[in-house]
1. List pairs: first residue in the range 35-51 and under 16 Å from Met389 (Cβ atoms), second residue among the aromatic types (Phe, Trp, Tyr) and modelled with pLDDT of 95 or more anywhere in the structure, Cβ distance under 7 angstrom, at least six positions apart or on different chains.
2. Residues in the range 278-290: is at least one at positive phi and free of Cβ contacts under 8 Å to residues at least 12 places away in the same chain?
3. Look through the range 123-136, keep the residues that are under 17 Å from the mean Cα position of the chain (by Cα) and part of a loop (DSSP other than H, G, I, E, B), and return whichever of them is nearest to Thr32 (Cα to Cα).
4. Report, by residue number, each residue of the range 247-288 that is over 30 Å from Arg442 (Cβ atoms), among the hydroxyl-bearing types (Ser, Thr, Tyr) and part of a strand (DSSP E or B).
5. Please go through the range 183-231 and give me each residue that is small (Gly, Ala, Ser) and either under 22 Å from the mean Cα position of the chain (by Cα) or closer than 16 Å to Lys292 by Cβ (or both), ordered by number.
6. Working only within the range 330-348, note down all residues that are within 16 Å of Met171 (Cβ to Cβ) and touching a strand residue (DSSP E or B) at 6+ places or on another chain (Cβ under 8 Å).
7. Just checking, does the range 292-302 include any residue being in a loop (DSSP other than H, G, I, E, B), over 16 Å from Gly191 (Cα atoms), among the basic types (Lys, Arg) and in contact (Cβ under 8 Å) with a residue 12 or more places away in the chain?
8. Those residues that are among the small types (Gly, Ala, Ser) and within 19 Å of Lys142 (Cα to Cα), I need them from the range 422-450; list them, please.
Amino acid sequence: MDRRQFIKNTSLTGVGLGVTSQIKAFSPVQKTKVNLGMIAVGFRGQSHLEEFLQRDDVNVVAIADPSERMINDALSLFRKFNKKEPAVYKNGNYDYQQLLKRNDIDAVMISSPWEWHITQGVDALKAGKIVGMEVCGGMRIKDCWNIVDTSEKTKLPVMMMENVCYRRDVMAILNMVRKGMFGELIHGQGGYEHDLRGVLFNDGKTAYNSGVEFGDKGYSEAQWRTNHYVKRNGELYPTHGLGPVAVMMDINRGNRMTKLSSVSSKARGLHKYILDHEKGGPNHPNAKVEFKQGDIVNTQIQCANGETILLTHDTSLARPYNLGFRIQGTKGLWQDFGWGDPNQGHIYLEQEMKHTHRWDNSEQWIKDYDHPLWKRYESKAEGSGHGGMDFFVDHAFIECIKRGVDFPLDVYDLASWYSITPLSEQSIKEGGAVMKIPDFTRGQFKKRKSVFGFGDEY
C-alpha cells in the first residue's frame, strides 16, 4: 500500500489521550479533510507541501510567496502528484493577507523567514485559521506573548512544527525515559551543531555551497538568514536541541523553564569562509563585513523541578552534523553523536550494565525500545524529509485538526522555545547575566498533562 492510499484509509477513531482538550473548544466537529493554505513555499515550505499533497485528507487550496521562482517550483509539485493547482498569491510580501481572507481554508502552514513568523501567525489566527508554524522566530519576548495572547483570545490552536522531536532515536529514548529506565531526570543537552557556511552564503543562483554572497545578492536562506548573523549574537536556533529534551522533561506540562544564562565565543568562522572561498578572498566586499554572531554560543537553563539543560549553537565552523543530545538521570544516561542513526550514540544504565562504568553502543537499545509511532508508520515515513521526521510532524498536524484534539506541541511550547533566542541575546549583552524565562502558561503548567508521543496514532 502506498502512502497516499494508506492515509486515505487511516481511521478517524483515535482518542484524546484522556486529557481535557483545549482544541475541542476550537474544533468540536471531526473533519474528514483539511483545507490548507501555505504561506511561503521556499525549500522548507515545499517539503511540507510535498507531504500534504500525498494525503487524500488534505486539500491545499492556496499558496502565497513573493518569489516567482518558488511559486513555480511549488506548482510543479501539484502537477507531480496530479493535484488541482491552487490559487496563487505572489504580489509582494503582504499578499498572504489575501489568502487569509478566503473562507475555504481551515488552517495555514507558515514556513517563511524567521522575522515573519509571529506577524503571519497572528494575522492567521485573527482571520480564523488554525496555524502550523515552522522554527525558529523569536525576535522579542513581546512577540512570544503576542502569539499566545492571540491564540487564547481567538480560541484557535497553534502547532510548533519541531520535527526533531520525532527523530527515531529520540523517540526511542523518550520511550525509555517514560519507562523509568534512566531514573529521575537530572540534566539534558542538545544543540544545533551544523556547518551552515554553505547555506548562509551562495552565488545568488544556487542555494548551497556555491559562493560567498548573501542579502540582496544571495538566494534562498542566504537572502535573509545570514543577516541575523551580522546583526545578532545569541542562541538563534534553539528548538532542534531543546524540543526533544523539553518533551522528556515535561516542560509546560508539570514543569517549566525558569531562567537562563548565555555566553558567546568570538566570531571568526564566517569571515574565514569568505577569505578562503574561491569566489571570495580578502578583496571581496563581504570580507569587510563584521559578524556579531559568535561561533559558539552556550546557554544554561534551569527548570522548575530542578533539572538543568545546556544548549549549544555551533554553525559557523568546520564540523560534522550533530545535535549533541544527552539525557541523564539517577540510573544512567544516553548521549548521541551524529545524525540520528541508531548506532551513533552511547548509553549507560548502571544496573543493567552491572556497574561496569563502560558505555554500550546505543543501536540495540534503540531497536528494542523503538517507539510505537515509528513501528506503525515506518514504511509510510520512508522517503519523507529529514529521515522521515517531516512525515510525523505533518501527520500530527493534520490528524489533530481532523480529530479536534490537542496538538502535541502547542502555542505554549512555541512561545517558550522561541523566547530562548531574545533572552540569550540579552544575557550575552549583559555578560552572561541570568534572565528570567516567562511562564507563558500563566501557572497552568502545573495542571497540564503531557500529550506528546503517547500511543501510535499521531
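The values are calculated or read from the model by the stated rules, or taken from the named source; none is laboratory data. What you see is a predicted model; the values in this text were computed from it and never measured. For neighbour counting, all protein chains shown are included, and Cβ atoms are generated from backbone atoms with ideal geometry for every residue, glycine included.
1. As it stands, the answer is Glu51/Phe391, since those pairs meet every condition given.
2. Quick first cut of the range 278-290, residues at positive phi only: 281.
Remaining after also requiring free of Cβ contacts under 8 Å to residues at least 12 places away in the same chain: 281.
Yes: the range 278-290 contains one or more residues that are at positive phi and free of Cβ contacts under 8 Å to residues at least 12 places away in the same chain.
3. Going residue by residue through the range 123-136, those that are under 17 Å from the mean Cα position of the chain (by Cα) are 131-136.
Remaining after also requiring part of a loop (DSSP other than H, G, I, E, B): 134-136.
On the way: Glu134: 24, Val135: 28, Cys136: 30 Å.
Selected residue: Glu134.
4. So in the range 247-288, the residues over 30 Å from Arg442 (Cβ atoms) come out as 263-288.
Adding the requirement that they be among the hydroxyl-bearing types (Ser, Thr, Tyr) leaves 264-265, 273.
Passing the criteria: only Ser264.
5. The first filter runs over the range 183-231 and keeps only residues small (Gly, Ala, Ser), leaving 183, 188, 190-191, 198, 204, 207, 210-211, 215, 218, 220, 222.
Within the range 183-231, Gly188, Gly190, Gly191, Gly198, Ala207, Gly215, Ser220, Ala222 qualify.
6. Trp334, Asp336, Trp339, Gln344, Gly345, Ile347
7. Taking the range 292-302 first, the residues in a loop (DSSP other than H, G, I, E, B) are 292-295.
Add one more test, that the residue is over 16 Å from Gly191 (Cα atoms), and what stays is 292.
Going one step further and asking which of them are among the basic types (Lys, Arg), we end up with 292.
Now drop any that are not in contact (Cβ under 8 Å) with a residue 12 or more places away in the chain, which leaves 292.
Yes, some residue in the range 292-302 is in a loop (DSSP other than H, G, I, E, B), over 16 Å from Gly191 (Cα atoms), among the basic types (Lys, Arg) and in contact (Cβ under 8 Å) with a residue 12 or more places away in the chain.
8. Across the range 422-450, the qualifying residues are Ser424, Ser427, Gly443.
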